[in-house]
1. Is it the case, given these coordinates, that residue 136 is farther than 21 Å from residue 70 by Cβ, hydrophobic (A, V, I, L, M, F, W, C) and either at pLDDT below 90 or not in a helix (DSSP H, G or I) (or both)?
2. Of all residues being among the hydroxyl-bearing types (Ser, Thr, Tyr) and surrounded by fewer than 16 Cβ atoms within 10 Å (Cβ to Cβ) in region 122-146, which is nearest to residue 32 (Cα to Cα)? Just the residue, please.
3. So which residues in region 105-133 are part of a loop (DSSP other than H, G, I, E, B), on the phi < 0 side of the Ramachandran plot and modelled with pLDDT under 90, if there are any at all?
4. State whether the residues of region 54-63 include one that is under 21 Å from residue 104 (Cα atoms) and not charged (D, E, K, R).
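The values are calculated or read from the model by the stated rules, or taken from the named source; none is laboratory data. Not measured: the values here are computed from a predicted model. No Cβ is skipped: glycine too gets one built from the backbone with ideal geometry, and neighbour counts run over all protein chains shown.
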Amino acid sequence: MNTVYAYRDAEEVVYVGVTSDERQRDDLHRSTSAWWRPTLRMEPMLAGISDRRVALDVESSIIKSLRPRHNINHNPEAVRRTPSTIRVGVDINGPAIRIVRERTGLTVTELAKRIGVRQGTLSSIESENRRPSPEVLVRIAQELKCDLAPFLRGPLDGFDVTITPKMTVAA
């Protein structure tokens, strides 16, 4: 079952998402989202949605209505701040890839096979000895069923990155 959730502080909703495991998603945001801070509370907005597509439609409607500052999809104000290009290969957080992979129960060998690279290549990416191409990075995030944001750092901190048919980035 899917839950549409929101992170809010005392004044506003700052992020809306969909998850099938609230605790795991909260832990992931706490450990890897540049926008997360201790004053934020994760609250379910609508739980028990069996169809993921329906949950994503609900999420989209909420984002369009509330315009949380850390969501870019369906948020025209964030999209206006979207740069035309991004050098994804520059600042990759390899250890975050390893952490998310381990939390999903995949070995390096299993994930490497699923994304179409050699095990040594993925190990080098996780240890930051090799930079993945944008395509490989997107395949990693898709296979781990998460946003790209946890895997980017450095000058990209504070950006919200979401996998869509076109990868988009907002400031």
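1. On the way: farther than 21 Å from residue 70 by Cβ: yes; hydrophobic (A, V, I, L, M, F, W, C): yes; either at pLDDT below 90 or not in a helix (DSSP H, G or I) (or both): yes.
Considered against the rule, which asks whether it is farther than 21 Å from residue 70 by Cβ, hydrophobic (A, V, I, L, M, F, W, C) and either at pLDDT below 90 or not in a helix (DSSP H, G or I) (or both), residue 136 comes out as yes.
2. Within region 122-146, the subset among the hydroxyl-bearing types (Ser, Thr, Tyr) is 123-124, 127, 133.
From what is left, the residues that are surrounded by fewer than 16 Cβ atoms within 10 Å (Cβ to Cβ) are 127, 133.
On the way: 127: 17, 133: 21 Å.
Of everything passing the filter in region 122-146, 127 is nearest to residue 32 (Cα to Cα).
3. Start the filter on region 105-133 by keeping residues that are part of a loop (DSSP other than H, G, I, E, B), which leaves 105-107, 116-118, 127-133.
Add one more test, that the residue is on the phi < 0 side of the Ramachandran plot, and what stays is 106-107, 117-118, 127, 129-133.
127, 129, 130, 131, 132, 133 - these are the residues of region 105-133 that are part of a loop (DSSP other than H, G, I, E, B), on the phi < 0 side of the Ramachandran plot and modelled with pLDDT under 90.
4. Start the filter on region 54-63 by keeping residues that are under 21 Å from residue 104 (Cα atoms), which leaves none.
No: zero hits.
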